[in-house]
Structure formats: structure tokens, C-alpha cells
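Colleague: This is the structure, below, for whatever I ask next.
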Amino acid sequence: MKSFARGFYDVICIGKIVLNQLSFSKTVIVVALMGLGFLTDVSQAQVQTFTCPGEGFGPGAEPAIHMESLKTVPNPIFPPDETTGLPTLRADLSEYIADPKAAIRLGKALFWDMQMGSDNKTACATCHFHAGADVRTINQLNPGPNETFDVLPKPNAELPPSSFPINKNYDDIIGSQGVRKSNFLGIDEFGAELTTTPTGFRQVTRRNAPTVINAVFNHRNFWDGRAQPDFNGVNPFGSRDTSAHVWVAHTGGTPVKVVINIQNASLASQAVGPLLSHAEMSAAGRTFPDVGKKALFLKPLRLQQVSPADSVLGAVADTPTGLKTTYASMIQDAFRPEWWNTWEKITVDGKSYSMMEANFSLFWGLSIMLYEATLVSNDSPMDQYLATRTFDPLTGALTGNDPTLLDQTVRRLAEEGISITRADIMEGLALFELPVAPPPSFPIQSGSGVGCIGCHLGAETTSASVGNLSGMGNETEGRAFKGARFDLRMERMFMNMSWAPPGPLSSVPLGADAITFDPNTYAVNVTSKSKVTVPPIDLPVATYDTGWYDIGVRPTIDDTGLGGGLDGPDSGDTKPLSWTKFFQSLPDPTFIKIPGNSLGCCGTGTTVFPDQIVNKSGFPLLSGPLHKTENANVTSAFKTSGLRNVELNGPYFHNGGKSTLTQVLDFYNAGGDFPNATTKAPAIVFLNLFGAQKSSLVAFMLSLTDERVRWQRAPFDHPQLSVPNGDNPDGTDNLMDIPAVGAGGSATPLKCFLEITPF
């Protein structure tokens with residue numbers, strides 16, 4: 001599977017693109033080592049020597065990976081029926097869901113209902129109301145690790161455009177304001193939530209809110225991946241939390257505790273996180289059964305208008321506000337009765353609840369997952385164009401394409417006073433798709449690109465996708481690894497790509513023609529260069545979680561990201577979020593096989609891995625068992641974001657430090673903001689892009705905006721929302737009104753963050 005860090009490593013003969021059909025067995029891949037200069041009688045356990053005559057080891061041109069329409073990707077929750085081809089609820093979910101449409105209705109109501117927050121003003125949607133993300137500008141600043149406001153002199157200030165990009169010397173974070181500090185006291189006899197008096201300004205999260213649109217394709221969710229792909233019915237941590245359980249009562253019998261483990265359900269794992277967060281939505285001490293007790297008293301969306309034309313809620317919309325139903329009724333319609341149908345009380349933490357209240361986390365997580373699974377934006381002008389394009393893997397030809405479909409973006413931007421051409425978008429697509437040139441890789445050479453697709457991989461534009469990590473992978477090589485039972489969730493890579501001279505990107509010093517390789521430690525050393533023996537040069541190697549990278553946004557000390565743990569950053573060694581660290585914590589992790597990078601060498605390799613050095617097992621050099629003590633590169637790594645509707649999702653990165661797409665490209669052009677020498681993804685180097693190239697990449701990204709999202713048309717329509725946006729001078733909330741929108745959409749389109757031109 002391709003990653004931004006790996007995309008430049010799988011190198012082959014200079015100036016040559018080799019495209020091959022795969023032929024392999026599900027259990028055994030027979031390979032022939034073609035012309036490798038290694039010691040043929042050395043076992044896999046011994047140090048091996050490889051030589052590459054002629055021009056030496058790569059890099060060279062690699063096969064281009066082409067972007068596809070998101071319409072080609074099956075929805076992980078609603079895959080196509082094998083007979084009809086129509087989206088159908090995944091079979092395993094029918095153990096819980098009685099009526100998918102009813103579950104979507106319940107999920108949408110819960111997601112947008114402000115009453116779910118302890119203050120009756122904070123819904124899930126409060127941080128995801130604008131193309132699935134948050135564009136508020138007042139009291140959105142977290143002081144960061146130094147706990148001092150650097151960007152602005154005090155909290156509750158308004159962010160002006162001049163604040164961006166955030167000064168690199170400042171560690172402030174553009175997050176999302178949640179609730180004021182308070183403690184939970186209980187639910188009274190009328191269903192009202194009782195708390196201590198909220199104090200201070202609304203708290204602000206320590207990370208920027210990512211979009212929920214297309215989040216169904218994420219293998220894990222949250223920036224640090226803590227929302228696990230398996231849902232335990234209670235919290236984000238899946239099977240990592242062995243104490244999590246829900247209740248089941250078959251045929252109305254006595255409820256009993258059961259442990260559940262629903263696969264490919266990270267949206268549900270994510271959904272149950274913020275509701276109990278003391279900073280985001282909840283008073284301290286509130287539990288899910290408490291929220292259930294409150295919700296069952298409430299008129300759904302009582303404080304908000306719902307359009308009678310709402311694509312999901314319209315049929316039950318009431319006037320002037322709310323729905324003509326109850327949450328209890330919606331749960332009964334949506335879920336199988338064994339999860340709620342008993343009169344017996346259940347004791348949780350010393351308090352008595354109904355079964356429906358006790359299982360409220362299950363209903364919350366699964367129904368919101370089903371609702372968010374409908375939020376797929378796969379009809380952008382670029383998606384429409386890509387759907388007409390056919391790629392021939394034998395010739396490399398792209399045929400049958402209709403680039404006039406991209407003129408929609410050209411016309412739309414012209415109406416906004418921005419002049420681009422179809423050629424600009426196509427140039428941006430080429431820069432995005434095409435691999436980089438041999439060293440010196442930059443400035444970009446004719447027929448080469450930036451290789452962004454190496455990390456923003458596949459139709460999902462992220463290598464952290466369900467399809468890439470739990471399917472067959474989004475590269476042809478991934479199929480070979482998957483067939484041989486390699487774990488695609490991790491990858492082993494060379495950590496230095498900027499040997500000079502002549503410059504990036506190369507996984508070995510240019511001209512190297514001999515290496516030694518120790519399969520026990522994955523140590524690689526250059527032992528000769530241009531046929532002259534030199535002191536061994538260590539090629540640093542590390543294993544990482546595929547799709548999660550440190551790209552140099554902030555120093556590693558600021559935020560450990562994926563390197564943290566279930567119980568916070570300091571628990572990363574004992575309860576690691578990272579797959580790599582988790583498996584290394586086992587007594588013997590060598591049963592896990594990790595795909596790895598190779599070195600290019602013209603005329604070597606196999607039909608599956610052409611022009612690559614392969615190890616004794618017939619796979620790229622660094623592929624093999626995971627060792628307990630090998631270097632793991634997970635500190636300060638964050639999830640690769642998808643790119644659709646990205647123009648509407650500013651500010652950017654996990655710290656919200658950039659306000660426009662041009663600022664994002666300036667960041668990549670400079671090789672990141674911080675060197676993070678031991679952890680930064682090695683392909684993040686100085687690119688030397690000039691202005692027109694950056695503008696073309698921006699134009700390409702604008703073509704990824706789905707007009708349904710921009711105009712809030714179904715399925716992106718929604719109820720009214722009153723969004724807190726900082727405090728007024730008297731201490732009351734400054735509220736932004738987000739009007740209810742029906743299936744037909746809004747009269748005005750959504751704008752970019754701060755309404756600054758992306759260029």
C-alpha cells in the first residue's frame with residue numbers, strides 16, 4: 001500500500017515505468033530472484049549482501065498510481081447488495097439494527113440535538129456544522145502546551161485573517177469551543193439535567209475538528225486514531241478495553257452483560273467519545289445511562305426548527321420546533337428488541353436505570369454511525385471526470401475521459417471573481433498523481449509530479465482508509481502482501497530520503513552499488529559506492545502505522561499524537577494507540593508480518609515486485625516479521641486527511657495553524673515547519689514548487705468540492721442550530737444561527753474559512 005513516506009521508495013530502473021499484472025496464490029507466492037548479487041547460500045537469519053551493478057541502486061521512475069472517483073469505493077456500512085447492487089446494511093449489523101432508515105433518523109436527530117450537551121446548547125453538530133467541520137472564529141484558541149496565549153493576548157478574542165499562518169514560535173491551537181466547566185449532579189424527576197454553576201469561558205479543545213463527511217471511509221477516527229475500528233458499544237477503545245460491556249435480554253428475559261466487538265465501525269467508536277468529554281459536551285461525572293435517562297424525557301430537537309422538507313427528519317418534523325416523536329419510540333423502531341425490551345431495572349455504578357438507558361451508548365454510537373455513513377460526497381466535478389476515465393495497466397494509457405466536466409469548477413470560481421482554466425485543474429491533477437523524478441527530484445521535471453497521491457491514496461485520498469488497511473490495499477502490491485497474510489496496517493520504511501548531493505528523493509546515497517542487510521534487525525548499510533569500498537553508511541529504518549505521519553506541523557514534544565495512549569499521552573508505552581507499539585508490547589510479536597520498502601535495481605526482482613531488491617522470502621527488502629525491539633516511528637504522527645471539500649474545511653492540520661490551501665502548500669513546499677529529525681516522514685522535503693504549480697494544485701483541490709455539500713443539499717441538509725461563538729461582554733453566549741435547511745439546500749453556498757480566497 002502506498003503512503004506519502006513510501007511512495008518514493010518503491011523505486012525501479014531510472015526513466016522506466018513498469019506496469020505488471022499480478023499472478024499469485026492466496027497462500028504462497030513463488031518468486032524468482034533475477035540477477036541479484038547476493039550470497040546464495042546464506043540463510044534468511046544471516047547477514048546478506050546485495051549488489052546492483054551499472055548505475056547502482058535507485059531511485060528511478062515508479063509506476064504512476066491514478067486517482068479514481070469515490071463512487072468506485074463500496075460504503076463500509078452500506079455495501080452494494082450482491083444481487084441488486086443497491087446500498088444495503090452490512091449483514092453483521094442486522095444483529096442490532098431492526099430498521100436502517102429508522103436508525104439513520106435516530107442518528108441524525110441525536111447528532112444535531114443541542115439538548116444532548118449538559119448545557120442544552122452543545123450538539124455533535126456544534127463542531128461539525130460547516131461542511132462537516134468548524135469555522136468559528138471567536139474563543140477558538142487553546143493556549144497549547146505552554147498554557148499561555150501567544151497568538152492573541154487573551155481568551156475569547158476573535159481570530160483575524162492576519163493571525164494566519166500561526167507563527168511557528170507559537171504553540172497555540174485553533175480548536176473548537178465546547179462547554180464551560182461544571183459538575184454533573186443528576187437528572188430530576190422531569191428529565192432536567194442538574195449541574196453545578198458553569199464557570200469561565202467555554203473550554204477549547206486541543207485539536208482542530210476534522211470533517212465528518214466521508215469519515216465512513218476512515219479505518220480509525222480522530223487525529224490520533226484512538227477511535228478503534230472495532231466498536232465495543234461503550235467507548236472509543238474497542239477490544240483494547242476489556243471491561244466494556246452492554247446488556248441483552250432475549251425474549252424479554254433478564255438482562256445479562258455481554259461483550260460485543262463490531263468490526264469496521266470506527267464511526268461508532270468516535271461518536272461515543274465527545275458526549276462525555278468534560279471539555280466538549282459534558283459536565284464532569286455524567287455517564288451514558290445518565291444521558292439516556294435525560295434523552296428519554298425530551299422532545300427530540302425541542303429547541304430547534306426542523307424543515308418539513310428535511311431528507312431524513314421531514315416526515316416527523318413538528319411546528320414550530322422539534323419532532324413529533326420521542327427518542328424511546330425512535331430507539332424501538334431502529335433497534336432489535338433484545339437490546340431494549342425489558343421492564344427490569346439495571347444497576348450501573350450504584351444507580352438504577354432502565355435497559356434502554358443502560359444501553360444508550362450502543363444506540364448512540366450505532367445510529368450516529370449509520371447517519372454519518374450517508375454523508376458521502378462522491379459527486380464533485382473531479383469525481384464526475386474520473387468516472388469517465390479508464391486506465392489500462394498494460395499500456396499506462398488513460399482513455400475515454402471527458403475533461404469538460406471540470407468546467408463546472410471553472411464557471412463557479414469565475415462567478416466568485418477567481419479566474420482559472422480547465423488546464424490548471426488538469427495540471428494540478430497531474431502534479432498530484434505523478435511520481436517524483438530521480439534525484440535531483442526538484443524542481444519538478446517534465447513528466448514528473450509531486451506524488452501527493454502516495455499518501456492521499458486512492459479514491460478516498462487517504463492511505464488511512466478502510467479499503468487500504470483492512471481490505472486488499474489500494475495498490476497492486478498490497479494484494480500480494482494481503483494474500484501472504486501480511487498486516488497492511490503497518491509498514492517498515494527507510495527514514496532518510498534527502499542524501500546530498502544531488503538532493504532528494506533517494507533512499508540511498510546516489511551511486512551506491514552494494515549493501516548489507518540483516519534480516520534479524522532490518523539493519524541496512526551501504527558498503528560500497530561507485531565500486532569503491534567506503535566505511536559502512538547506516539540507512540535508518542523504522543516501522544510505522546500506515547496512514548499516520550509526523551509531517552513537521554509542530555515539534556514532537558507538543559503533541560504525541562498516535563504515540564500517546566488510551567489513558568492520555570503519558571500512557572503510550574503501557575496502553576499504546578499505535579498498532580506498531582501495541583503489537584510490540586506482546587511477548588513475541590513476530591507472528592505479525594509487516595510490508596516494507598525496497599531499493600530499486602534495474603533488471604532485478606520478480607514479476608510481482610519488478611526492478612526491486614527482494615529478500616529471501618521474495619518480498620521487498622524490509623518486509624518481514626515485527627520485532628519487539630525494532631524502531632517504531634509513531635510519535636507525533638497524525639491521520640492523513642481525505643481531500644474532498646477541503647476548501648470548506650479550514651483551518652488546516654491538527655493544530656488549525658493554516659487558514660488557506662495556499663498556506664498548506666507553502667508548508668509542504670518548505671518541507672514542513674519543524675525538522676523533527678528522528679520522527680518526521682522522510683518524504684517531507686523542500687519541493688521548490690513555483691507559484692503557478694501551487695495555483696494548479698489549489699485549482700485541483702477546488703474541483704474536489706461536491707456542490708451538494710457547498711449548497712447543503714441532501715444528504716447534507718440539517719435542522720437549525722444555535723452555535724456558541726464566544727462570549728458577549730455580559731458573559732452570555734454570542735450565538736450564531738444556522739438555519740434549518742431542507743433537502744433542496746440553502747439559498748446561499750458555504751464559504752471558505754474566514755472567506756479568504758484559497759489562492
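The values are calculated or read from the model by the stated rules, or taken from the named source; none is laboratory data. Quantities reported herein were computed from a predicted structural model and do not represent experimental measurements. Quick reminder, even Gly has a Cβ in these numbers, built from the backbone with ideal geometry, and neighbours come from all protein chains shown. These area figures cover heavy atoms from the full protein model, side chains too; ligands, DNA and RNA do not enter into them. Shrake-Rupley method; radii C 1.70, N 1.55, O 1.52, S 1.80 Å.
Colleague: In region 285-311, how many are more than 18 Å from GLY233 (Cα to Cα), touching a strand residue (DSSP E or B) at 6+ places or on another chain (Cβ under 9 Å) and part of a loop (DSSP other than H, G, I, E, B)?
Modeller: 14
Colleague: Okay, next question. Report, ordered by the first and then the second residue, all pairs with beta carbons closer than 8 Å, sequence separation of six or more or different chains, a first member in region 102-120 that is touching a residue at least 24 places away in the same chain (Cβ under 8 Å) and within 18 Å of ASP733 (Cβ to Cβ), and a second member that is among the basic types (Lys, Arg) and open to solvent by 10 Å² or more (accessible area, probe 1.4 Å).
Modeller: Listed by first residue and then by second, the contacts come to MET114/LYS121; GLN115/ARG302; SER118/ARG286; ASP119/ARG180.
Colleague: Kindly provide the set of residues from region 374-424 that are hydroxyl-bearing (Ser, Thr, Tyr), over 25 Å from SER695 (Cα atoms) and more than 29 Å from the chain's Cα centre (by Cα), ordered by number.
Modeller: Passing the criteria: THR395, THR399.
Colleague: Next up: Assess whether ILE368 counts as being within 29 Å of the chain's Cα centre (by Cα), part of a helix (DSSP H, G or I) and within 19 Å of GLU95 (Cα to Cα). Outline the logic, then answer.
Modeller: Details: within 29 Å of the chain's Cα centre (by Cα): yes; part of a helix (DSSP H, G or I): yes; within 19 Å of GLU95 (Cα to Cα): yes.
Answer is yes for this residue.
Colleague: May I ask you to verify whether GLU415 is acidic (Asp, Glu) and without any contact (Cβ under 8 Å) to a residue 12 or more places away in the chain? Steps first, please.
Modeller: On the way: acidic (Asp, Glu): yes; without any contact (Cβ under 8 Å) to a residue 12 or more places away in the chain: yes.
It is true that GLU415 is acidic (Asp, Glu) and without any contact (Cβ under 8 Å) to a residue 12 or more places away in the chain.
Colleague: Does LYS101 satisfy the condition of being open to solvent by 10 Å² or more (accessible area, probe 1.4 Å), farther than 21 Å from ALA387 by Cα and outside any loop (DSSP other than H, G, I, E, B)?
Modeller: Values: open to solvent by 10 Å² or more (accessible area, probe 1.4 Å): yes; farther than 21 Å from ALA387 by Cα: yes; outside any loop (DSSP other than H, G, I, E, B): yes.
Here the answer is yes, as LYS101 does meet what is asked.
Colleague: Hey, another quick one. Show me the strands (runs of 3 or more DSSP E) entirely contained within region 514-612 in which 2 or more residues are hydroxyl-bearing (Ser, Thr, Tyr). It would help to see each step written out before you state the result.
Modeller: Numbers: elements: 523-529, 532-539, 541-545, 600-605, 610-612.
Of the strands (runs of 3 or more DSSP E) lying wholly inside region 514-612, those with at least 2 residues that are hydroxyl-bearing (Ser, Thr, Tyr) span 523-529, 541-545.
Yes or no, residue by residue, for (1) without any contact (Cβ under 8 Å) to a residue 60 or more places away in the chain; (2) open to solvent by 10 Å² or more (accessible area, probe 1.4 Å); (3) at negative phi:
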| residue | (1), (2), (3) |
| --- | --- |
| ASP559 | no, yes, yes |
| LEU562 | no, no, yes |
| LEU577 | no, no, yes |
| PHE609 | no, no, yes |
| LYS628 | yes, yes, yes |
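Colleague: Something else about it: Condition first: among the polar types (S, T, N, Q), in contact with a helix residue (DSSP H, G or I) (Cβ under 7 Å, 6 or more places away or on another chain) and either outside any helix (DSSP H, G or I) or open to solvent by less than 40 Å² (accessible area, probe 1.4 Å) (or both). Now tell me which residues in region 678-704 satisfy that. Give the steps one after another, and end with the answer.
Modeller: From region 678-704, those among the polar types (S, T, N, Q) are 678-679, 688, 693, 695-696, 703; that's our starting set.
So of that shortlist, the ones also in contact with a helix residue (DSSP H, G or I) (Cβ under 7 Å, 6 or more places away or on another chain) come out as 693, 695-696, 703.
Those that are among the polar types (S, T, N, Q), in contact with a helix residue (DSSP H, G or I) (Cβ under 7 Å, 6 or more places away or on another chain) and either outside any helix (DSSP H, G or I) or open to solvent by less than 40 Å² (accessible area, probe 1.4 Å) (or both): GLN693, SER696, SER703.
Colleague: Determine which member of the set PRO569, PRO620, PRO589 is in contact with a Ser or Thr (Cβ under 8 Å, 6 or more places away or on another chain), open to solvent by less than 20 Å² (accessible area, probe 1.4 Å) and not polar (S, T, N, Q). Step through it out loud before you land on a result.
Modeller: Working: PRO569 fails: open to solvent by less than 20 Å² (accessible area, probe 1.4 Å); PRO589 fails: in contact with a Ser or Thr (Cβ under 8 Å, 6 or more places away or on another chain).
One residue alone meets the criteria, PRO620.
Colleague: Same structure, new question: If you go through region 590-600 one residue at a time, do you hit one that is under 28 Å from LEU457 (Cβ atoms) and within 20 Å of the chain's Cα centre (by Cα)?
Modeller: For region 590-600, residues under 28 Å from LEU457 (Cβ atoms) and within 20 Å of the chain's Cα centre (by Cα): absent.
Colleague: Here's another thing I want to ask about it. Given the structure, is ASP383 outside any loop (DSSP other than H, G, I, E, B) and either on the phi > 0 side of the Ramachandran plot or touching a residue at least 24 places away in the same chain (Cβ under 8 Å) (or both)? Steps first, please.
Modeller: Numbers: outside any loop (DSSP other than H, G, I, E, B): yes; either on the phi > 0 side of the Ramachandran plot or touching a residue at least 24 places away in the same chain (Cβ under 8 Å) (or both): yes.
For ASP383, the condition - outside any loop (DSSP other than H, G, I, E, B) and either on the phi > 0 side of the Ramachandran plot or touching a residue at least 24 places away in the same chain (Cβ under 8 Å) (or both) - is met.
Colleague: Does THR662 satisfy the condition of being hydroxyl-bearing (Ser, Thr, Tyr), touching a helix residue (DSSP H, G or I) at 6+ places or on another chain (Cβ under 9 Å), in a loop (DSSP other than H, G, I, E, B) and within 26 Å of PRO381 (Cβ to Cβ)?
Modeller: Values: hydroxyl-bearing (Ser, Thr, Tyr): yes; touching a helix residue (DSSP H, G or I) at 6+ places or on another chain (Cβ under 9 Å): yes; in a loop (DSSP other than H, G, I, E, B): no; within 26 Å of PRO381 (Cβ to Cβ): yes.
So THR662 fails the test.
Colleague: Further question: Condition first: open to solvent by 10 Å² or more (accessible area, probe 1.4 Å), over 22 Å from SER498 (Cβ atoms) and acidic (Asp, Glu). Now tell me which residues in region 516-555 satisfy that.
Modeller: ASP518
The rows are residues; the columns are (1) of a type in the set (Gly, Ala, Ser); (2) open to solvent by less than 40 Å² (accessible area, probe 1.4 Å).
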{"position": "THR197", "(1), (2)": "no, no"}
{"position": "GLY200", "(1), (2)": "yes, no"}
{"position": "VAL204", "(1), (2)": "no, yes"}
{"position": "HIS219", "(1), (2)": "no, yes"}
{"position": "ASP230", "(1), (2)": "no, yes"}
{"position": "SER243", "(1), (2)": "yes, no"}
{"position": "VAL246", "(1), (2)": "no, yes"}
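Colleague: If I filter region 207-214 for residues that are under 16 Å from VAL272 (Cα atoms) and open to solvent by less than 20 Å² (accessible area, probe 1.4 Å), do I get at least one hit?
Modeller: Within region 207-214, one or more residues are under 16 Å from VAL272 (Cα atoms) and open to solvent by less than 20 Å² (accessible area, probe 1.4 Å).
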